[in-house]
Amino acid sequence: MSSPVREPGGVRVGRVGSDEPSGRNRRGPYAPTRARRDAVGSVALEIVDELGHEAVTTALVAERSGIAKPAVHYHFPTRDHLLVAALERIDLSVDIDTINNIDEQPVESINFETIIPRTGEHVFSSEKRLRLYVSVHGQSATPGHPAAEYFTRRTRLQLALFTKIVAALQVSGRAHPGLDPRTTAQQVIAHWDGLVFLGIHDPGFDLEAVLLDGIRRIVGRNWVDTLAALTATDAGL
C-alpha cells in the first residue's frame with residue numbers, strides 16, 4: 001500500500017500513484033461543483049443512450065466530458081456512482097411542476113393517465129434506459145450501494161404522489177371508496193416495477209398502456225364504472 005506523502009510542514013498531499021486529491025487542492029480543481037457534476041451526469045447518460053450502461057466507465061466519461069479523470073473520480077468514486085448520476089439526469093425530464101402543484105389542482109383533473117406519461121415516459125422511451133434502470137435497481141438492494149439512497153428517495157416520492165392521486169380519485173368517485181390510499185399506491189409501484197422488469201425479458205408490448213390498464217384494476221375503476229352503469233337512471237334497473 002502506498003504511503004501518504006507530506007510536504008514540508010506536515011501537510012498531507014495524498015498517496016503516490018492514486019487519484020486522491022491533495023489537502024492543498026481540495027478547494028481548487030477538486031472542489032465539488034454543481035456544474036461539473038451535471039456535466040459528468042449528462043455525459044454518462046449520453047453514453048447509456050448510445051452504447052448502453054455497460055459501456056459507462058470513468059475513463060470514457062472523462063474523455064467525452066473533457067474533465068480530468070481524477071476530477072471525475074473525485075465526484076463519482078465508482079462506476080456505480082456514474083450510473084446513478086445518469087438516472088438522476090433522466091429524472092430531470094420529469095414534469096416537476098405538475099407533481100409539485102398537484103395539491104393545487106382540481107380533484108377532478110388528477111389522474112394516473114396524466115401523471116404516468118409525465119413521470120415514466122423518460123424511462124419507457126428507450127430499451128437502453130430500461131436496462132439501466134433494472135440493472136441499478138437490482139443492485140440498490142445491497143446495503144451501502146450508491147443506488148440505495150437514490151431508489152429509497154425515489155420510492156418515497158412516488159409513494160407520496162400516488163397516495164395523493166388515489167385519494168383524489170376516491171373523492172371524485174373514480175376509485176373504490178374502501179381502498180387504503182397508501183396501500184393502493186404501494187401496489188401501483190409494485191405493478192410499475194414489475195412491468196419494467198418484464199419489458200426487459202418480454203419486450204414488444206406497450207408498457208405504458210399495460211401499466212395504466214393495471215392501475216385501473218388496482219384502484220377499482222372497473223368496479224366504479226360498472227356500479228355507475230347499473231345505477232344510471234336510463235339503465236332500467
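The values are calculated or read from the model by the stated rules, or taken from the named source; none is laboratory data. Here the structure is a predicted model, which is why all the values come from computation and not from measurement. Counting neighbours? That spans all protein chains shown, and the Cβs are built from the backbone with ideal geometry, glycine included.
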Item to complete: Read through the list (1) in a helix (DSSP H, G or I); (2) modelled with pLDDT under 80; (3) among the hydroxyl-bearing types (Ser, Thr, Tyr), then give the number of the only condition that Tyr30 fails.
Response: (1)
Worksheet item: For region 186-237, how many residues meet the condition of being at pLDDT below 90, surrounded by 15 or more Cβ atoms within 10 Å (Cβ to Cβ) and small (Gly, Ala, Ser)?
Response: 1
Discussion item. List the helices (runs of 4 or more DSSP H) inside region 96-174, counting only whole elements, that have at least 2 residues being at pLDDT 85 or above.
Written reply: 112-124, 127-139, 146-171
Fill in: Among the candidates Val136, Val219, Val224, residue that is touching a His at 6+ places or on another chain (Cβ under 8 Å), within 26 Å of Val56 (Cβ to Cβ), touching a residue at least 12 places away in the same chain (Cβ under 8 Å) and of a type in the set (Val, Ile, Thr)
Val136
Discussion item. Suppose we filter region 188-207 for residues that are under 17 Å from the mean Cα position of the chain (by Cα) and without any contact (Cβ under 8 Å) to a residue 12 or more places away in the chain; how many remain?
Written reply: 2
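Based on this model, can you work out whether Val210 counts as part of a helix (DSSP H, G or I) and in contact (Cβ under 8 Å) with a residue 40 or more places away in the chain? Break it down into steps so the answer makes sense when it comes.
Working: part of a helix (DSSP H, G or I): yes; in contact (Cβ under 8 Å) with a residue 40 or more places away in the chain: no.
No: the conditions fail for Val210.
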Worksheet item: Filtering region 124-136 down to residues that are under 15 Å from Trp192 (Cα atoms) and out of contact with any Leu (no Cβ under 9 Å at 6 or more places or on another chain), which residue is surrounded by the most Cβ atoms within 10 Å (Cβ to Cβ)?
Response: Val134
